[in-house]
Structures are given as C-alpha cells and as structure tokens.
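See structure below.
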Amino acid sequence: MDYNARMHRMVLLFSLMFAFLPAAYAEQTLTKLDTVVIDPGHGGASTGARAEELTEKDFCQKLAQAIKEAVEKENGQAIKVVVTAPPEKDPDQRDRAFAANGAGGKVFISLHAASGFAPTPRMLGIYVQDAPQGAEGTWREAGKKYSVKSFQLAEKLKEALDGFYPSNRFFIGRAPLTDFNGVAMPAVAVEVVQLNSQLQPLAPDMFQRLASAIYSGLVEFDRRQ
Amino acid sequence: MKKMAVIALLVFLPVGAGAADLSTLQSSSMGVTLFFEMNGVLVQEVAKVPRDKMVENEMKSVIDLLAAGSAASGPVVPNKARLETVFLGSGRTAYLNFNENFVTDHPGGITQEILTVAGVCQTVFANFDVDGIRFLVKGSELKTIAGHVDIESVISRPQCDRLSQYRRE
C-alpha cells in the first residue's frame with residue numbers, strides 16, 4: 001500500500017471514530033430528573049462559615065444560581081430548577097423541605113462551604129443522611145427509603161468533583177444532618193469549598209466551573225436511573 | 001550511737017516526707033484521654049486533671065483542657081468555650097451546659113461541626129461513667145451547634161462512635 005492510500009485510510013478511520021464521539025459525549029441533557037432542587041446553605045442573618053469578606057451564605061447563593069444556569073443552558077425549560085432559599089432569607093428546614101417536596105423534586109443538592117479552627121486544608125465532604133437516634137417514624141428520616149440512591153448520587157458527584165482542586169479531594173460521609181430533615185428524595189449535602197484554606201484562592205470563573213462539574217455529576221446520576 | 005541515730009533520722013526524714021507528698025500528689029490528679037483533630041480524624045492524647053470530689057468539676061477541667069488545645073493536633077472546640085455547669089440526669093446522661101462562646105466562636109462547616117460533637121462526646125465517654133450526652137448553651141438545649149449536625153436528642157456511645165467514623169469512602 002502506498003503512502004497516499006495509507007494516509008487516506010487513516011483519515012477515514014479517524015473520521016469514523018469522531019463521528020461516534022458526539023453521541024457518547026454530547027448527551028448532556030437530563031432525561032429522568034425532571035425537577036432538580038438546589039438548596040443553598042444558610043441565608044439572611046445566618047452567614048454560616050466565613051473567611052474575610054466571603055461568607056458561606058453568599059458563596060452558596062452564587063453557586064446555586066450558576067448551577068441553575070448550567071441546567072437551563074443544557075435543557076432549556078424542560079427541566080425545572082427549584083432554589084429553596086432566596087438570597088435575603090434563611091428559611092427553616094421545614095420550609096426548605098416543603099419547597100423541595102412540593103415541587104416534585106427528583107434530586108436534592110444542599111450546598112455548603114467548609115471551615116475550621118485552622119486554615120489547614122482538609123478533604124471536602126459529600127454527605128448523605130444517617131438518621132439520628134429517636135428519628136424513627138419522624139420527618140427526620142423522610143429520606144430513609146432513598147438512602148441507596150442518595151449514596152449513588154454522592155458517588156457521581158465525587159467522581160465529577162475530584163480533581164477540581166489540586167490540593168483537596170472529596171470523601172463521602174454519613175452524618176445525622178438537619179439539612180436532610182423532611183426531604184423525601186435522593187439527597188446530598190456538599191461542602192464545595194473550604195473558605196478558610198489559604199491554598200484555595202477563589203478564581204473569578206470558579207462558580208461556573210464548579211457548577212459545570214456538579215451538573216456533569218447530575219447527568220451521570222440521571223443515566224443510572 | 002545516739003549521734004548516729006539522729007543523723008540517720010535527719011537524712012531519712014525529709015525523704016520519707018517527700019514520698020508522702022508525692023503519693024498525695026499522685027492521688028490528687030487523674031489521667032484523662034482527650035480527643036483532638038488531625039486531617040479530619042479524631043486523635044487521642046493523654047493528660048492529667050486534678051481529682052475532685054465532684055465529678056462535675058472533673059468534667060469541667062477536662063473540657064478546659066480540650067478548649068486549651070494541643071501542640072500536636074487541632075482543636076475541636078473554641079478556645080474560649082467553657083463548661084459552665086454539668087447535670088447528671090437519669091439514664092446516666094450528662095447535660096453539658098456551655099457558655100455562649102461554644103457556639104458563637106465556632107467556625108462552622110459540616111465537617112468541623114461533626115468533629116466538635118464527636119470530639120467532646122468521645123472525650124466525656126472515655127473518662128466518665130456516663131451513657132448519654134446532651135448539649136446545652138446557657139441552659140437552653142441545642143438543636144445544632146452551627147446549623148448542621150442534629151444534636152436534638154441524647155447522644156449515646158454507639159451514636160458517638162458512628163459519628164466519629166463519619167467518613168465512609
């Protein structure tokens with residue numbers, strides 16, 4: 001086979017490979033999760049963790065909006081995005097759960113920022129509910145029957161977020177968190193950043209990139225449904 | 001002979017007296033285990049606190065050491081947090097009543113809050129004969145310290161162990 005024929009064959013081979021790639025990677029729409037609930041931690045007078053001028057409340061609000069935009073960019077109005085807390089308010093958990101359940105949410109992502117007594121970077125947590133003692137039969141274990149799916153969601157978000165920071169990775173944790181009380185759907189609480197860590201300067205495009213990573217985790221979870 | 005006896009008495013008497021003081025000192029303090037944090041995991045350290053007829057005072061001393069922090073590992077409670085009163089209730093539950101700095105000086109964040117609850121509980125369970133712990137600030141029962149970890153109910157030893165092992169993957 002002469003040189004030209006070989007080149008021709010290689011070009012054809014690469015063309016065929018790339019012809020199938022979009023089908024595998026461009027499918028970034030949600031098909032089964034028709035309602036996504038984003039729950040920004042804290043709000044109103046409750047600022048949560050803080051580092052200098054940046055508060056957990058503001059960070060979570062900005063990220064919630066960025067995730068909403070990411071979902072809408074890929075899906076238009078086909079997918080409903082519910083944000084449980086407006087910037088100026090800190091609804092109690094009952095109201096947050098009511099907003100999520102009442103909208104028919106299929107997935108609940110509670111956004112948080114980590115902090116600590118020292119600025120030493122720690123691994124960041126993606127938490128699922130571990131109902132506390134005495135919660136049996138109460139609204140505090142409303143998400144119990146979704147515990148397997150919640151863990152699957154945590155796994156997909158971990159895959160999507162690991163590697164986002166050069167110095168920090170994510171772990172999946174279980175804890176009795178009030179952030180899950182009354183929420184009847186697969187639910188996770190994510191510490192997306194450690195505010196007091198000096199090794200994590202906040203880049204201007206950070207919210208868009210974090211939102212994009214979280215959305216890709218959502219897409220992977222959607223595919224498993 | 002009399003002279004020898006006097007010299008021997010002078011030589012050994014101070015030693016004997018010193019030994020008595022030392023034994024009093026040893027019995028007047030107790031070894032305790034404290035739980036601090038390192039890379040998101042609780043680690044143990046040993047220390048001594050004065051013995052007291054009131055177990056409540058011993059608990060206060062232990063929490064004071066926890067608040068003072070460690071040279072080797074990170075704190076789990078704010079530096080100005082103090083245990084104001086302790087009430088030992090039915091079912092061997094310890095009601096730990098902190099000052100407001102326990103909450104106001106807490107940096108927040110889910111993981112730090114877990115480490116605070118687990119660190120205090122492990123420390124109390126390791127050193128005192130109690131089966132449950134309830135957190136209060138200025139006499140009011142707490143639902144959370146910084147908005148996340150549910151401490152509305154009494155925390156038992158198994159629950160505390162489970163919370164301490166919060167990282168699953």
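The values are calculated or read from the model by the stated rules, or taken from the named source; none is laboratory data. No experiment lies behind these values; they were computed from the predicted model shown. Note: ideal-geometry Cβ built from the backbone for every residue, glycine included; neighbour counts use all protein chains shown.
Some notes on this structure:
- Candidates are the residues of segment B:119-169 that are of a type in the set (S, T, Y) and more than 7 Å from every other protein chain (Cβ to nearest Cβ); the one that is surrounded by the fewest Cβ atoms within 10 Å (Cβ to Cβ) is B:S140.
- Scanning segment B:99-115 for residues that are in a helix (DSSP H, G or I), among the polar types (S, T, N, Q) and either more than 9 Å from chain A (Cβ to nearest Cβ) or more than 19 Å from the chain's Cα centre (by Cα) (or both) yields B:N101, B:T104, B:T111.
- Members of segment A:149-183 found to be within 17 Å of the chain's Cα centre (by Cα) and closer than 15 Å to A:K106 by Cα, listed by number: A:K149, A:S150, A:F151, A:Q152, A:L153, A:A154, A:F180, A:V183
- Candidate set: segment B:40-80, residues that are in contact with a strand residue (DSSP E or B) (Cβ under 7 Å, 6 or more places away or on another chain) and acidic (D, E); chosen: the one nearest to the other protein chains (Cβ to nearest Cβ): B:E45
- Restricting segment A:168-194 to residues that are of a type outside the set (S, T, N, Q) and in a loop (DSSP other than H, G, I, E, B) leaves a set whose member that is modelled with the lowest pLDDT is A:R169.
- Under the condition of being within 19 Å of B:E113 (Cα to Cα), within 9 Å of chain B (Cβ to nearest Cβ) and of a type outside the set (S, T, Y), the residues counted in segment A:158-179 number 8.
- Of all residues in segment B:36-60, those being within 16 Å of B:R167 (Cα to Cα) and in contact with a Pro (Cβ under 8 Å, 6 or more places away or on another chain) number 1.
- Tally of residues being buried (at least 20 other Cβ atoms within 10 Å of the Cβ) and either in contact with a His (Cβ under 9 Å, 6 or more places away or on another chain) or within 11 Å of another protein chain (Cβ to nearest Cβ) (or both) across segment A:142-157: 1
- Number of the exception - B:R157 against (1) over 21 Å from B:D64 (Cα atoms); (2) in contact (Cβ under 8 Å) with a residue 24 or more places away in the chain; (3) in contact with a strand residue (DSSP E or B) (Cβ under 7 Å, 6 or more places away or on another chain): (3)
- Residue match in segment A:87-108 (condition: modelled with pLDDT of 95 or more and in a strand (DSSP E or B)): yes
- Any hit, segment B:81-98, residues being in a loop (DSSP other than H, G, I, E, B), on the phi < 0 side of the Ramachandran plot and within 14 Å of chain A (Cβ to nearest Cβ): yes
- Residue in segment A:186-209 that is within 14 Å of chain B (Cβ to nearest Cβ) and either basic (K, R) or over 25 Å from B:V77 (Cα atoms) (or both) present: yes
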